[in-house]
Amino acid sequence: MSFLPQLAFLLIFVAAGYILLKRVKFLRRNILLGKPEHRNDQPEKRWKTMALVAFGQKKMFKRIIPATLHLFVYIGFLVINLEVLEFVIDGLIGTHRVFAPFLGGFYTVAMNIFEFLAFAVLVSCIIFLIRRNIVKVPRLKNADLKGWPALDANIILIIEVVLMIAILKMNAADQILASRGVGHYIPVGNLFFSGLIRPIMENFSTEFLIFTERAAWWFHIIGILAFAVYITYSKHLHIFLAFPNTWYTNLNPKGEMQNMPEVTNEVNMMLGIPTDTPAGPPAEIGRFGAKDVNDLSWINVLNAYSCTECGRCTAECPANITGKKLSPRKIMMDVRDRADEVGKSLDAGGPGLEDGKSLLGDYITKEELNACTTCNACVEACPVNIDPLSIILQMRRYVAMEESGTPAQWNAMFQNMETSFSPWKFSPADRFNWSEKVKEEEIE
């Protein structure tokens, strides 16, 4: 008995594992370019959020058709990969359908479930391809998706279609060979979906069917391993990162903005309010706001790598709807691209963050930042709880506090708020004068 197939499988498996591990380390290092932030409070609420939003797809169902299709793909991805476990065991020890003798009739039930999901994934991916390339849903055709992002989405969908076809062809050939009593092929009962294509393959020679079954098996297992590596370069990384991303969701009310601790301490000291700042000479104050990825928190960078590029945030953004340049999806893609650029530079022994570039200016413009109304529509729309607004606010703080680069009208408003405690230039003592006029009008 030749051990070459098992050896080849082991080498492929180890190579894929090595590449995947190396890529995971790269991504982890890039995410940790961001500043530390502790967000482990209220664990029960975080588990619930992760279960409902990441696993339960709760926010997807605001749009029922794509949500249903996505649910089929998602469940198919999770459940069909149980069959891949059998593939891995078969590949390592040279068996064929190793679970079949142990599970008996339940194996047939399980295989029919796998095939139903494979067919559902196949149909869903074809519909997604039609929506992207023929119907051309507006949020999937914006300028920020041109080039690689659009190609990446199509590549993944086509790969999934081909992999599902391979499963059905493999099962059909397998069962024909089992009915002919060939070698180690085991009858597993009636399989509905692969049974639909069996009549087409019944007249094929035994040698061709063996080739078809083995080719489909190898294609599927190599495809799965290649897919696992590929998604770390793809927007489909959200398949894995959606879970930690939703765990670290900001649980504060959406309208609550996070104050800068340095500024809060300064104001408290000016007002005579006790602070947690230790006595002694003041520590050097770092940068106000964010200019580059290292000024953001690591959770902000995790958000960027978790982005699905679905465009729901941009589709709901009032600034984008009215023709402004701002696209929350582009903000997240820019943060991810900048983190990738810095990571690759560091790996190559380059300058990393000191390459003369920055997130502000080279990727994201002031025009985009200033267009944001801070309405939180993007945060509410995101199916995996990404927070583009947090990044926008931190970058706007840098522009205002480090560069004094906000528009002149904004500076006038800021000055009025500082001196008069309102956006308008009148004394606080006159704030309620308007009510006297109202009373006079009522008397008249």
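Inside the stretch 241-276, can you point out the residues that are hydroxyl-bearing (Ser, Thr, Tyr) and assigned to a loop (DSSP other than H, G, I, E, B)?
Here is the first cut: in the stretch 241-276, the ones hydroxyl-bearing (Ser, Thr, Tyr) are 246, 248-249, 264, 275.
Selection gives Tyr248, Thr249, Thr275.
Regarding Asn203, is this residue surrounded by 11 or more Cβ atoms within 10 Å (Cβ to Cβ), of a type outside the set (Lys, Arg) and out of contact with any Phe, Trp or Tyr (no Cβ under 8 Å at 6 or more places or on another chain)? Before the answer, list the steps.
On the way: surrounded by 11 or more Cβ atoms within 10 Å (Cβ to Cβ): no; of a type outside the set (Lys, Arg): yes; out of contact with any Phe, Trp or Tyr (no Cβ under 8 Å at 6 or more places or on another chain): yes.
No: the conditions fail for Asn203.
Of the residues that make up the stretch 257-272, is at least one within 29 Å of Ala51 (Cα to Cα) and out of contact with any Asp or Glu (no Cβ under 8 Å at 6 or more places or on another chain)? Full working, then the answer.
At the first step, the residues of the stretch 257-272 found to be within 29 Å of Ala51 (Cα to Cα) are 257-258.
Cutting the leftovers down to out of contact with any Asp or Glu (no Cβ under 8 Å at 6 or more places or on another chain) gives us 257-258.
Yes; the residues of the stretch 257-272 include at least one that is within 29 Å of Ala51 (Cα to Cα) and out of contact with any Asp or Glu (no Cβ under 8 Å at 6 or more places or on another chain).
Return only the number of the condition from (1) in contact (Cβ under 8 Å) with a residue 24 or more places away in the chain; (2) out of contact with any Lys or Arg (no Cβ under 7 Å at 6 or more places or on another chain); (3) farther than 25 Å from Met50 by Cα; (4) of a type in the set (Ser, Thr, Tyr) that Ser404 does not satisfy.
Of (1) in contact (Cβ under 8 Å) with a residue 24 or more places away in the chain; (2) out of contact with any Lys or Arg (no Cβ under 7 Å at 6 or more places or on another chain); (3) farther than 25 Å from Met50 by Cα; (4) of a type in the set (Ser, Thr, Tyr), only one is false for Ser404: (1).
Within the stretch 249-272, does at least one residue satisfy the condition of being in contact (Cβ under 8 Å) with a residue 40 or more places away in the chain and surrounded by 18 or more Cβ atoms within 10 Å (Cβ to Cβ)? Explain how you work it out, then say what you get.
The initial filter retains those residues of the stretch 249-272 that are in contact (Cβ under 8 Å) with a residue 40 or more places away in the chain, namely 249-251, 254-255, 257-258, 260.
From what's left, surrounded by 18 or more Cβ atoms within 10 Å (Cβ to Cβ): 249.
Within the stretch 249-272, one or more residues are in contact (Cβ under 8 Å) with a residue 40 or more places away in the chain and surrounded by 18 or more Cβ atoms within 10 Å (Cβ to Cβ).
Mind telling me which of the residues Trp424, Trp434 ends up being of a type outside the set (Asp, Glu), assigned to a helix (DSSP H, G or I) and surrounded by fewer than 16 Cβ atoms within 10 Å (Cβ to Cβ)?
Details: Trp424 fails: assigned to a helix (DSSP H, G or I).
Going through Trp424, Trp434 in turn, just one is of a type outside the set (Asp, Glu), assigned to a helix (DSSP H, G or I) and surrounded by fewer than 16 Cβ atoms within 10 Å (Cβ to Cβ): Trp434.
Failed condition for Ser179, given (1) under 16 Å from Met111 (Cα atoms); (2) free of Cβ contacts under 8 Å to residues at least 12 places away in the same chain; (3) not hydrophobic (A, V, I, L, M, F, W, C), with all others met?
Just one mismatch for Ser179, condition (1).
So that you can scan it fast, the table gives a plain yes or no per residue for (1) of a type in the set (Lys, Arg); (2) assigned to a helix (DSSP H, G or I); (3) closer than 26 Å to Phe13 by Cβ:
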{"site": "Ala67", "(1), (2), (3)": "no, yes, no"}
{"site": "Phe77", "(1), (2), (3)": "no, yes, yes"}
{"site": "Glu86", "(1), (2), (3)": "no, yes, yes"}
{"site": "Leu92", "(1), (2), (3)": "no, yes, yes"}
{"site": "His96", "(1), (2), (3)": "no, no, yes"}
{"site": "Ala110", "(1), (2), (3)": "no, yes, yes"}
{"site": "Leu117", "(1), (2), (3)": "no, yes, yes"}
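Against the definition (modelled with pLDDT of 95 or more and among the basic types (Lys, Arg)), how does Arg132 come out, yes or no?
Details: modelled with pLDDT of 95 or more: no; among the basic types (Lys, Arg): yes.
Taking the combined requirement at face value, the residue does not satisfy it.
Name the residues in the stretch 63-73 that are crowded, with 18+ Cβ neighbours inside 10 Å and farther than 22 Å from Trp217 by Cα, would you? Break it down stepwise before answering.
Our first condition is that a residue be crowded, with 18+ Cβ neighbours inside 10 Å; within the stretch 63-73, this holds for 66, 69-70, 72-73.
Pro66, Leu69, His70, Phe72 - these are the residues of the stretch 63-73 that are crowded, with 18+ Cβ neighbours inside 10 Å and farther than 22 Å from Trp217 by Cα.
For the stretch 371-421, give me every one of the helices (runs of 4 or more DSSP H) that falls completely inside it and has 1 or more residues that are buried (at least 21 other Cβ atoms within 10 Å of the Cβ). Working first, answer last.
Working: elements: 377-381, 388-401, 408-420.
Ranges flagged: 377-381, 388-401.
Tell me whether the stretch 389-396 contains one or more residues that are touching a helix residue (DSSP H, G or I) at 6+ places or on another chain (Cβ under 7 Å) and over 20 Å from Ile31 (Cβ atoms).
So far as the stretch 389-396 goes, yes, one or more of its residues are touching a helix residue (DSSP H, G or I) at 6+ places or on another chain (Cβ under 7 Å) and over 20 Å from Ile31 (Cβ atoms).
For the stretch 123-203, list the helices (runs of 4 or more DSSP H) that sit wholly inside it and hold at least 1 residues that are closer than 27 Å to Cys317 by Cα; which are they?
Of the helices (runs of 4 or more DSSP H) lying wholly inside the stretch 123-203, those with at least 1 residues that are closer than 27 Å to Cys317 by Cα span 148-179.
Are there any pairs with C-beta distances below 6 angstrom linking a residue in the stretch 19-42 that is within 21 Å of Met333 (Cβ to Cβ) to a residue that is of a type in the set (Ser, Thr, Tyr) and part of a helix (DSSP H, G or I), with the two at least 6 apart or on different chains, and if so which?
Final answer for the pair search is Arg23/Thr232.
Among Phe13, Phe26, Phe9, which is the only one that is aromatic (Phe, Trp, Tyr), closer than 27 Å to Ser358 by Cα and surrounded by 10 or more Cβ atoms within 10 Å (Cβ to Cβ)? Steps first, answer last, please.
On the way: Phe13 fails: closer than 27 Å to Ser358 by Cα; Phe9 fails: closer than 27 Å to Ser358 by Cα.
Only one candidate qualifies: Phe26.
Which of the residues belonging to the stretch 207-240 are within 30 Å of Arg396 (Cβ to Cβ) and buried (at least 20 other Cβ atoms within 10 Å of the Cβ)? So that I can check it myself, show each step before the final result.
Narrowing the stretch 207-240 to residues within 30 Å of Arg396 (Cβ to Cβ): 235, 237-238.
Within the stretch 207-240, Lys235, His238 meet the criteria.
The values are calculated or read from the model by the stated rules, or taken from the named source; none is laboratory data. Because the structure is a prediction, the values reported are computed rather than measured. So basically every Cβ, Gly included, is an ideal-geometry build from the backbone, and we count neighbours across all protein chains shown.
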